[in-house]
Amino acid sequence: MSQRTRRISRVVLSAAVAASLTLGGTGALAQQGQAGQRPGGQGGPGQGGGGTRAQTLPVVPGDTTGFTRIFMPGSLAGWDGDSRFWSAKGDTIIAESTPTNMLTENTFLIYRGDQNLRDFELKVEYRFPELNGNGGVQIRSSVRPGAAHQWRVTGMQVDLDATNNYSGMLYGEQAGGFIAPRGEVTRIAAGQTLPQSIASLGTATELRGLMNMRGWNQLHIIAKGNTIMTVLNGRVTSVLIDEAPTALVPDPSQARLERGLVALQMHTGVPFRIMYRNVFLKKLN
């Protein structure tokens, strides 16, 4: 890792820890389980977690200075997806499956405006109106050779789910699986079989309470150098320092990319809807 990359990692990591403390984090608390496993948590659908709602600073919806809106209301111009599932209605992108139009393979709405993004910030709002289903936001991703279909994206993902078990964690979609569980700062180094958890951003119950069930949620992703940070409703939920992009994958062709595309995910499962809006991008290089 270069000296410049080390500096970037230190700066972003310091910001994550500072934000965690400022926004109600609890410091070095008990971990949420081993990295590479599904993180735990209490509560159920519609409750946002079985404990006290996490205390966060107010989120400013219009805080998009320096960002470019990459979804224009009423049109999916600049985006590419399967029209059987994706549509634009007013200021909202809707992904929907039904009993007669089931999804059998994960599908993605791909942003085609810039497919070579490395250092950037992305802001997007999402909601699950019926409290079922699973989605996500892909970054530094691609459609690899041999993909199941032209919208089957592989790469780093910020996971989102209606029951709020995983929302805000970092997941390698066909690129390493569970990498940075919610509430953890993790590092992947060469030769490791699992990501190393190096700090805590909060407890499972506390961070589970961040999600606004059925309502809109604000996701902020920061990718710079080998570090990725996710912020959900004003609270840092996961940080990854990725020093070994080929680690954790069975085939080097599944390595996590340094650059790539942004996409929105619709996961397989029971019929459901997920909605996205206010998608803003700011390039950092």
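For A147, what charge total do you get from the other residues with a beta carbon under 12 Å from its beta carbon, if Lys and Arg give +1 and Asp and Glu give -1?
Residues near A147 contribute 0 overall.
What are the residues whose amide H is under 5 Å from the amide H of I70, where those residues sit 5 or more places off or on another chain and H is modelled from the backbone?
Those lying under 5 Å, H to H, from I70 are V279, F280, L281.
How would the stretch 217-270 be classified by its alpha-carbon gyration tensor: rounded, prolate or oblate, with rounded meaning a/c under 1.5 and the a/b versus b/c comparison settling the rest?
In terms of gyration-tensor shape, oblate.
If the cut-off is a Cα-Cα distance under 26 Å, which lysines reach K224, setting aside same-chain residues fewer than 8 apart in sequence?
Leaving aside lysines fewer than 8 places away in the same chain, those within reach of K224 are K123, K282, K283.
Residue-wise, which Karplus ³J(HN,Hα) couplings in Hz belong to the stretch 89-101, taking 6.51 cos²θ - 1.76 cosθ + 1.60, θ = phi - 60°, and x for glycine or proline?
Coupling constants for the stretch 89-101: 10, x, 8, 10, 8, 10, 10, 9, 10, 9, x, 9, 9 Hz.
With +1 assigned to the C-beta of every Lys and Arg and -1 to the C-beta of every Asp and Glu, and no other charges, what is the dipole magnitude of the stretch 185-285 about the Cα centre in debye, to the nearest 20?
480 debye
Hey, could you pull the Cα Rg and Dmax for the stretch 94-198, both in Å?
Spelled out, the Cα radius of gyration and Dmax of the stretch 94-198 are 15.0, 46 Å.
What are the residues whose amide H is under 5 Å from the amide H of T92, where those residues sit 5 or more places off or on another chain and H is modelled from the backbone?
Counting only residues 5 or more places away or on other chains, the set is G74.
State log₁₀ I(q)/I(0) for the stretch 129-181 at q = 0.13, 0.18, 0.24, 0.29 Å⁻¹ as given by the Debye formula over alpha-carbon point scatterers of equal weight, solvent excluded.
Computed log10 I(q)/I(0) values: -0.33, -0.60, -0.90, -1.08.
Rounded, prolate or oblate: pick one for the stretch 163-235, where a ≥ b ≥ c are the square roots of the eigenvalues of its C-alpha gyration tensor, a/c under 1.5 means rounded, and failing that, prolate if a/b is larger than b/c, else oblate.
prolate
With label points built 7 Å along Cα→Cβ from the Cα atoms of A190 and K89, find their separation and express it in nm.
Between A190 and K89, the label points sit 5.2 nm apart.
Can you list residues whose amide H is under 5 Å from G136's amide H, if they're 5+ apart or on another chain and H is modeled 1.01 Å from N?
L160, Q265
FYI, it's all coordinate maths here, none of it is from the lab. Because the structure is predicted, anything quoted here is derived from the model rather than measured. With ideal geometry, Cβ positions are generated from the backbone for all residues, glycine too; neighbour counts draw on all protein chains shown.
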